[in-house]
Amino acid sequence: MNENAANIIYLSLIGIAAGSYVLVAYRGRLGSMLQAALIWLLIFMAALIAYGFRDTIRQQLFPREGVVISGDTIAIPRAIDGHFYADLKVNGQKTTFVVDTGASDIVLAPQDAEKAGLDPATLRYIGRAQTANGEVRTAGVTLNTLEFAGFMDKDVRASVNESGMDISLLGMSYLRRFQRFEIVGDELRLQR
């Protein structure tokens, strides 16, 4: 007997045992058993559908894409946690930033710097920055390209944080490239 046939027999025996248990447990209550089975089937189907649309659901709950709403205006929706997140391409690599008007510079997390082709281990961390967690060392870098919602900037100065950060910061040195930025309802609008 081959392995597939053995697996089918094994799974069939488990199915028969489980089915027998259910029939004995719900003896005389076939309606209740069918109702419970239908509820579990619906829960399973909902889980499968949610898994299939996980990227769409994540985008709706935690939006990060800037959307051009007119020729020169980008809108970023507020995320469920109250922050504004933006996906930019750093040296062609998608990187998620939190928009931080309290940060002076563009600050890359070490893992994002590495993704963009910079080696954090070889950088010279001679700069200092004050953060909510105290002073950290930074290394100045130049990004070949920084692209956001179709707007491309070249040779952009940024910093790489030496200590671990979960997410990169899009600070004022980038926001100043826009003529105007404002919060309108639950959107951050940036105008070039």
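Here are the numbers for the structure shown:
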quantity	calculated
Subset of region 112-132 [in contact (Cβ under 8 Å) with a residue 12 or more places away in the chain, outside any strand (DSSP E or B) and of a type outside the set (Phe, Trp, Tyr)]	112, 113, 115, 116, 117, 118, 120, 123, 124, 126
Every pair of residues 6+ apart whose Cβ atoms lie under 7 Å, when the first sits in region 161-182 and is assigned by TED's automatic domain parsing to the domain that holds residue 95 and without any contact (Cβ under 8 Å) to a residue 24 or more places away in the chain while the second is of a type in the set (A, V, I, L, M, F, W, C) and surrounded by fewer than 18 Cβ atoms within 10 Å (Cβ to Cβ)	181/175
Only one of 13, 42 that is at pLDDT 80 or above, in a helix (DSSP H, G or I) and under 39 Å from the mean Cα position of the chain (by Cα)	42
Selection status of residue 132, at pLDDT below 90, surrounded by 13 or more Cβ atoms within 10 Å (Cβ to Cβ) and under 21 Å from residue 79 (Cβ atoms)	no
Region 135-152, subset modelled with pLDDT under 90 and of a type in the set (D, E, K, R), residue nearest to residue 94 (Cα to Cα)	137
Some residue of region 65-85 being outside any strand (DSSP E or B), of a type in the set (A, V, I, L, M), under 22 Å from the mean Cα position of the chain (by Cα) and more than 28 Å from residue 181 (Cα to Cα)	no
Residues within region 179-191 that are surrounded by 13 or more Cβ atoms within 10 Å (Cβ to Cβ), part of a loop (DSSP other than H, G, I, E, B) and over 23 Å from the mean Cα position of the chain (by Cα), tallied	0
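Table: residues versus (1) among the hydroxyl-bearing types (Ser, Thr, Tyr); (2) assigned to a helix (DSSP H, G or I); (3) at pLDDT below 85; (4) within 15 Å of residue 191 (Cα to Cα).
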{"site": "154", "(1), (2), (3), (4)": "no, no, no, no"}
{"site": "164", "(1), (2), (3), (4)": "no, no, yes, no"}
{"site": "174", "(1), (2), (3), (4)": "yes, yes, no, yes"}
{"site": "177", "(1), (2), (3), (4)": "no, no, no, yes"}
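The values are calculated or read from the model by the stated rules, or taken from the named source; none is laboratory data. Keep in mind the model is a prediction, meaning the values are calculated, not measured. Heads up, the Cβs are rebuilt from the backbone with ideal geometry, glycines too, and the neighbour counts pull from every protein chain shown.
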